[in-house]
Structure formats: structure tokens, C-alpha cells
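Peer 1: Handing you a structure now.
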Amino acid sequence: MAHLAHYKEAHPLPFVITHWINLVAMAILIISGLLIHFPVPISMGIARGLHIFAGIVLVINCLVRVIMAFFVRSAPTAGTRETVKDYKTWLPQKDNRHQGGAWVKYYLFMKKDHPLGAKLGVPQKISYLLIPILIILMGISGLCLWAPTAPSGFCQFFLNLVGGAMSMRIIHYFGMYVFIIFLFIHVHLATAEGNEPVKLMFLRKEHGGLVYDPDKHVIVGEDKMEHLEH
Amino acid sequence: MSEATANFGLVDALEARGISRRSFLKFCGSLAVAAGLSATAAPRVAMALETELENAKGGLFPVLWIEGASCTGCTESFAQIETPDVGKVVLELIALNYSDVLCAGAGHSLEAAKEETIQNGNYVVVYEGGITQGFGSNTLRVAMETGEEILVHAAENAAAVIALGSCAVNGGWMAAYPNPAEATGVSGILKKHSIATPVVNIPGCPANPEWLMSVLVQVLMMGGAEGLLAGDVPAVVKTLGLNDEGKPQGIFGETIHDNCERRGHFENGEFVYEFGSKEEELGYCLYPLGCKGPQTKANCGVTMWNNRRSWCIQAGSPCLGCCEANPNDPGDNWVEVNTPFYKRDRDLHIGDWFFRPTVVAAGLTGIVGAAILIHRFGMKKAGRMDGGADFEPIRAWDAKNPDRSIGQYEYSVMGDPVKMKAAQEEIAKQYEVAEEAAAEDEGR
Ligand code: HEM
Ligand code: HEM
Ligand code: SF4
Ligand code: SF4
């Protein structure tokens, strides 16, 4: 029994919803994107329609998620019901300070015990910070390929920057693999220490564990949540 | 020369060459289409042509057709149109004062005629081919002058330069990596020499002759000329509907894919995967064979080729994207961005390093996937899968820097079973209190 308690406050409902939308939109985008690149004898019209729809949903969802970070409160670490404005948990937190090396060592099996940290370990935090940027880049390159938006000055600027629509197409295609790689790493890290984080993220199912004090930055107890069992 | 022949009408002139009024009108119809109008505009075009020619009485703009570094394919394409060749006749009537390839004259006399035209001003240059700046511009010399000097000299005094063909627009295939001859297009050279003469870009390899005819007719007869004479560049740009890249928007505003006759098959997912297959016979969409139609802007599917007989995709070839040519970027030339022609993928390069996106990207994805798999086994073997390893009692950095410690370890219960037990009981009690309060609430 080593992990911290999993409380709903870590993932308030709005973020659970945006995360679900992320997941579904990404699945549609990758499948339809592959069908656009490697055409098979089924409807291209549907693949493209779904792709552009899911693409726009993904971009809007990403913007909504980032904006909500400034209004919605969430727990700064696992193992506590205290909350702060969510954006603070995206920035470097005191709990994470000096811990980057420890995380790398831990994941490389050069350190036996689990690093103390904030809601997100240092590697996870970095990958989550990159994701909105990547989504926006995919959105821009996608709009540059989309006939209704491609002639706009905005898209023409980016098309000229990369050397034309053909280059943009390949960059967009390349971006898909970057996303797939992120997904591999993300799902691995999210499940590497058991399925409890996933149940909390998707189903809001809480789970007992150690209690962390986000002000004192240490573990101060254990919540067994036995009351839930009877 | 009698009065009657001197004041001949356009239709008479055409009939003298065996061209009926009907084929003249058909020609005007295709000019209208090439210019992005509907074919029903044919009589309007015909009338404009006739009246302008009659009014002008030889006062029309002369045209100089100059060869740069070219294969003369655009000239060939223009000259190879089957008889009766309406376009060529009209162009002859306009005043084609100089053409390396088409003119009967040659040598000093032709060069002198060209120089005279330049000195007189108010002429239009049709420039075919790229400009090679490498090797001191010496890869092309005509009458002792380099291609670059010839263009600069002819352009300075011209009312407009029509850059004909993808090579003239941005260097075309000559500008493909590594571009040893430093090829570029007309716009690039004029910019380099700060020449403000307006440039009309008509890409294509070769450029469709009807596009040229349509632009010439508009420049010379349908109002564009007045703008040019007045030095009113915005008026010319407006007459021709030029876009940011100096291309007539009516011709180069939509993609091949937008006007493709196989588009229905594309939407239905009916594709040709192999030449010579049944699907090819059925006329399915050529997308999997590398068709560049979705990324290429030109109205080939509307104007078509060889007097509207057929065009690439109707003839069974995927579009190679020969009209891709960004005048501001020789690297964005159709050969570099569209090869391999028959593949959906293209090579990417960062500097001198070339790679296939699918190979590199799928390879990277595979490596990361394998690394994660190994890592998962490691996590399992280390017993971390079930909740992770036990927490460190103190951060390594804090242990080394107790005076600046992040954690306040006097409150920590880690590694102290007595404190831990007390804390656990404290938290459990909070739940009991809460439950009792809830039960009381219900009881009331
Ligand atoms: C992470 C998300 C995304 C992935 C994995 C993805 C993947 C792909 C792939 C593989 C292609 C095929 C490229 C080709 O070979 O031509 C494609 C095309 C395209 N994508 Fe995306 N894409 C994503 C996001 C977006 C977004 C956000 C938009 C728009 C807002 C978008 C719009 C498009 C368009 C318009 C095309 C061209 C479709 C066509 O040719 O008809 N994509 N995408
Ligand atoms: C491509 C789709 C996905 C994207 C873009 C994505 C993105 C994110 C982001 C940005 C977060 C940060 C927290 C937040 O937004 O509130 C997060 C958290 C999380 N994601 Fe995903 N995710 C995706 C798919 C998945 C999948 C497939 C799983 C599980 C199998 C998963 C499991 C989790 C978990 C458990 C967390 C919480 C992590 C923690 O707090 O330690 N995600 N995800
Ligand atoms: S053949 Fe080419 S241009 Fe025509 S529909 Fe197919 S992909 Fe588009
Ligand atoms: S269809 Fe494509 S390859 Fe053929 S002429 Fe037009 S742009 Fe060039």
C-alpha cells in the first residue's frame, strides 16, 4: 500500500468531461486520419467529414480546458482534498522542485523508492504542457489543408512558412505519430502503478491511500476509506 | 494595299485563314472559361476582340516572347494546337514582335527589332523558362547576354511581364533540391533588381495555352491595356483578378480536386490502387496513386487541354501538381514538393538530411512502443505495478540541504509506525463523525 489516496478533487467533473472528449476525438482523428492517408475502399466522404468535425471539437475542447484552468479549482497533489486554481498545478510546483532527476532515476530503476511529488510527476507534467501546443499545431496545419479555410490570410501565412500545401500535409501526417507516441507514454505512465488513477479519471471512482499535506509537502497519514466497504 | 484590306475586320482576317466564325466563337468561349467566366460570355469576348482590334489599327501592344532557361515546352504546347489554330492567328494579329522559337527571322535583324520594341516601350513580355543565377548566370547566353540580363533589360521598360510556365514562375524543376544553378523565377529576379513592372504568373508544365490567350486578351484588349498605359497597376491586377501570388484567381483559385470529374469516386472511396486494374478501367479516383489534385490549384478540369479534348486525369494520369509554384519561394516548386509522383508520401528534408515520413515516424513509434513494453516489464518486476514503490521518507535534495528543505518533515508520518497509526485513526474518526452527522440529518 504505497500510493496516495485518489480523491475526486484531483479531477473535477469539468476536466473529466474534457478528458473524455479528448479521448473520443483523438480516437476518431487517428482512425479517420489513417484512412485519409492510406485510403481503403470505404467512404472517404465520411472519413473526411468525421475528421474535420473531430478536429474542430478537439481544438475547441483544448481551448476550453486551458481557459477553465484559470477558474476551476483542483487538488494540487494526489492524497488531499484541498484545492487551488487548476492552472497552478500545470506550472512547476514547490512539491516538484529538485525532483526531476529523482523521477528519471525512479523510472530508470536507479532509485528504489517513489519520489514525493505533486499531482503530476515531472515527466507527466512536461508531456501535458506539450499537449495543448501540439493540439493547436495540429489544428493550424489541419485548417491549412481544409478547403474552406485554406485560402484565408491566416492559413496562407503558415502555408508559405512551410513551403506549400504538400509540405503542410506531410507535417500534419507526421504530427499524428507524435500524438500516438504521446498516447503510448501517457497511457503507460497513467497505468504503470495500477488502474486506480484511470478509474478516478474516467469514472470518478475514489480510492483510499496515503494522505499528503500540500502545504507541508509531506505525507501526514493514511485514509483507508473503509467506510466505503460496508 | 487598298483601303479595304487595310481596314479588315477580325472575322475577315480569320476567314482568310480558313477559320470560320463558329470556331472563332468557340475559341472565345474557351477564353471566357479559362478566365473563370462562363462559356456564355463568348459573344462578349468576341465583340471585345473585334472592336478593340478594329479601333486599335496597329496601335496594340506588341508582345515579346523571350526564352529563358526553358525546354520550350510551353511554346510547343502553344504551337502544337491542331489546325485551325485560332489562338495563334489572334496572337499574330496582336503583334508578336519577337519569339526565339516561332519567328521566321533570326540573328541580328531579329535582335534589332526586339531592341526597337523595347526602346519604344508599351509592350508586354511573355517570359518562358527559369533564370539561372549560378555560375555567374553563364548557363544561358543569347546574343552575348545572359538570361538574367536579357530579362532585366526587357522587363524594365515593359508594361507587364507574363511569367509563362512553372519555371518562369519560380524556377520550376530547375529549382528542385539542390538547385545548383540557383534557378528562380521572374518575380524573384525583378525583386532582386528592384524593378516594379507588374508580373502575371501562369504556372504549369507546360502552361495551358488557353490560359495565356485568356490573359493576353484581357491585358491587351479588355480594359487591361488602358490600365497599363496609365501605369495603373491596381487596375490591371483588378482586370486580371490577380491573387497574392500574381496568378489570375479565376484560373488558379480552386484546386484540381474541386473540379475533378472523378471526385464522386473519391467521396465514395472508389479508388484505383494499381495501373492496369479493373478499378482503373472503371475510371475510379487516382488518389492512392499519388494524385496531387487536392493540393494543386488550377482549373485544368474546366479548361482542359488540346482544344478541350481531354486532360491529365481524364486521360488516366494522377495530377502531378505541375502548377504548384510559389513565386516567392523557389523551394516550393512542383518537382521538389510532389515527387515521388505516384506515391501519397513525399520525402522530407531538414538541410541535407532526407527521410521518408512514414519510415521515420513509424520507426520512432515502434521504438518508443518497444521501450514502453520493456519498461512495463521492469515496473512489474520491481513490484511497482500495484500502487507503485514505497514513498521516499525524504526528498534527496532536502536531505542534502536541510536548511532549505521543501518538506516539513517534522509532520511526516513516513517511517514512524506510531505516528502513522495515530494519523490513520484520526482520519477514520473524521468519517465516523461525518456519518453520524449525516444520520442525524436524516433522522430529523
Ligand atoms: C491529433 C489530431 C490529428 C491527427 C492524428 C490527424 C491526422 C491526420 C492524418 C493522418 C491525415 C492524412 C494526411 C494525408 O496523408 O493527407 C489528416 C488530414 C487532415 N486533417 Fe488531421 N489530424 C489531427 C487533427 C486535425 C485537426 C485538429 C484538424 C482541423 C481542425 C485536421 C484537419 C485535417 C484535414 C482538413 C486533413 C486533410 C483531409 C483531406 O485531404 O481531405 N486534423 N489528419
Ligand atoms: C489522446 C487522448 C488523450 C489526451 C489528449 C489526454 C490528455 C490528458 C491530459 C492533458 C491530462 C491532464 C489532466 C487534465 O486534463 O485534467 C490527462 C490526465 C490523465 N489521463 Fe489522459 N489523455 C488522453 C487519453 C488517455 C487515455 C487513453 C487514458 C487511459 C487509459 C488516460 C488516462 C489519464 C489519466 C489516468 C490521467 C490522470 C493522470 C494523473 O492525474 O496522474 N488518458 N490526460
Ligand atoms: S483523381 Fe485526384 S483530383 Fe480527382 S478526385 Fe481523385 S484525388 Fe481528387
Ligand atoms: S491536371 Fe495537374 S498535372 Fe495535369 S496540367 Fe493540371 S496541374 Fe498539371
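Every number here is computed from the coordinates shown, using simple stated rules; none is lab data. For clarity, every value in this text was computed on a predicted model and none was experimentally measured. Cβ placement follows ideal geometry from the backbone for every residue including glycine, while neighbour counts extend to all protein chains displayed.
Peer 1: Taking a threshold of 27 Å on the Cα-Cα distance, which of the pairs A:Lys8/A:Lys111; A:Lys88/A:Lys205; B:Lys191/B:Lys238; A:Lys125/B:Lys400 fall above it?
Peer 2: Violating the 27 Å Cα-Cα cut-off are A:Lys8/A:Lys111.
Peer 1: R0 = 60 Å: FRET efficiency of B:Ser194 with B:Met385, Cβ-based, nearest 0.05?
Peer 2: Calculated value: 0.30.
Peer 1: Within 10 Å of each Cβ in B:16-27, how many Cβ atoms from other chains are there, averaged over the peptide?
Peer 2: Mean partner shielding for this stretch: 0.
Peer 1: Would you mind pulling out the separation of the Cα centroids of the range B:374-429 and the range A:134-183, in Å?
Peer 2: Centre-to-centre distance over Cα atoms comes out at 45 Å.
Peer 1: Let me ask something else. In a Gaussian network model over chain B where Cα atoms closer than 10 Å are linked, find which of B:Val433, B:Val302, B:Val33 has the largest mean-square fluctuation.
Peer 2: B:Val433
Peer 1: Then there is this: Sort B:399-407, B:174-182, B:242-250 by the packing proxy (mean of other Cβ within 10 Å over each peptide's residues), most packed first.
Peer 2: Descending packing order for the listed peptides: B:242-250, B:174-182, B:399-407.
Peer 1: Rounded to the nearest 0.05, what FRET efficiency is calculated for B:Glu156 and B:Ser317 with R0 set to 45 Å and r the Cβ-Cβ distance?
Peer 2: FRET efficiency, B:Glu156 to B:Ser317: 0.65.
Peer 1: Moving on. Quick one: length gained pulling B:Glu281 to B:Ile350 fully straight, 0.36 nm per residue minus the C-alpha distance?
Peer 2: Using 0.36 nm per residue and subtracting the Cα-Cα distance, I get 20.8 nm.
Peer 1: Then there is this: Antiparallel versus total DSSP beta bridges in the protein assembly as shown: what percent is that, nearest 5?
Peer 2: Bridges in the protein assembly as shown that DSSP calls antiparallel: roughly 50 percent.
Peer 1: Alpha carbon centre of the range B:316-336 versus the range B:122-182: separation in Å?
Peer 2: Cα centres, the range B:316-336 to the range B:122-182: 18 Å.
Peer 1: May I pose another question? With no solvent and one point on each alpha carbon, what is the Debye value of log10 I(q)/I(0) for the range B:358-443 at q = 0.17, 0.26 Å⁻¹?
Peer 2: Each listed q maps to, in turn, -0.91, -1.14.
Peer 1: Any chance you could list the semi-axes, whole Å, largest first, of the equivalent ellipsoid that the Cα gyration tensor gives for the range B:299-444, using √(5λ)?
Peer 2: 69, 27, 18
Peer 1: So which cysteines of chain B have no other cysteine's Cβ under 4.7 Å from theirs?
Peer 2: B:Cys28, B:Cys71, B:Cys74, B:Cys103, B:Cys167, B:Cys260, B:Cys285, B:Cys291, B:Cys300, B:Cys312, B:Cys319, B:Cys323
Peer 1: Under a point spin-label approximation (7 Å from Cα along Cα-to-Cβ), what is the B:Trp397-A:Ala27 distance to one decimal in nm?
Peer 2: 3.9
Peer 1: Using a 10 Å cut-off around each Cβ of peptide A:209-219, what is the average number of partner chain Cβ atoms that fall inside?
Peer 2: Across A:209-219, the average partner-chain Cβ count within 10 Å equals 6.
Peer 1: How are the C-alpha pair distances of the protein assembly as shown spread across 20 Å bins, as whole percents from the shortest bin up?
Peer 2: 15, 35, 24, 16, 8, 1, 0
Peer 1: What are the trypsin sites (Lys or Arg not before Pro) within the range B:309-382 that DSSP puts in a loop, where the Cβ has at most 15 other Cβ atoms within 10 Å?
Peer 2: Passing sites in the range B:309-382 are B:Arg309, B:Lys343.
Peer 1: Any idea what angle helix A:44-68 forms with the longest principal axis of chain A, computed on alpha-carbon atoms, 0 to 90 degrees, nearest 10?
Peer 2: With rounding to tens, the tilt is 40 degrees.
Peer 1: Using a Förster distance of 41 angstrom, determine the FRET efficiency expected from the C-beta separation of A:Val178 and A:Lys112, and round it to 0.05.
Peer 2: 0.80
Peer 1: Compute the acute angle (0 to 90°) between the alpha-carbon long axis of helix B:209-220 and the principal axis of greatest extent of the alpha-carbon atoms of chain B; round to the nearest 10°.
Peer 2: Helix B:209-220 and the main axis of chain B meet at about 70 degrees.
Peer 1: To continue, here is another question. Under 5 Å between amide H atoms, partner at least 5 residues away or on a different chain: which partners does A:Glu222 have, H built in plane at 1.01 Å?
Peer 2: A:Val211, B:Gln424
Peer 1: What is the Cα radius of gyration of chain B over 2.2 N^0.38 Å, N being its residue count?
Peer 2: 1.56
Peer 1: Let me ask something else about it. Rounded to the nearest 500, what is chain B's calculated 222 nm mean residue ellipticity when only DSSP H runs of at least 4 contribute -39500 (n - 2.57) each, over all residues?
Peer 2: -12500 deg cm²/dmol, from helical runs alone.
Peer 1: Additional query: Between helix A:122-145 and chain A, what is the angle of the helix's C-alpha long axis to the longest principal axis, kept within 0 to 90° and rounded to the nearest 10?
Peer 2: 20
Peer 1: For the pair B:Asn138/A:Lys85, report the inter-label distance in nm, with labels modelled 7 Å from Cα in the Cβ direction.
Peer 2: Simple spin-label model gives 6.8 nm for this pair.
Peer 1: Give the value in nm², to one decimal: projected area of the alpha carbon convex hull of the range A:8-229, averaged over all directions.
Peer 2: Averaged projected area of the range A:8-229's Cα convex hull equals 15.1 nm².
Peer 1: Provide a whole-number value for the mean count of partner chain Cβ atoms within 10 Å of the Cβ atoms in peptide B:236-249.
Peer 2: Going residue by residue through B:236-249 and averaging, the value is 1.
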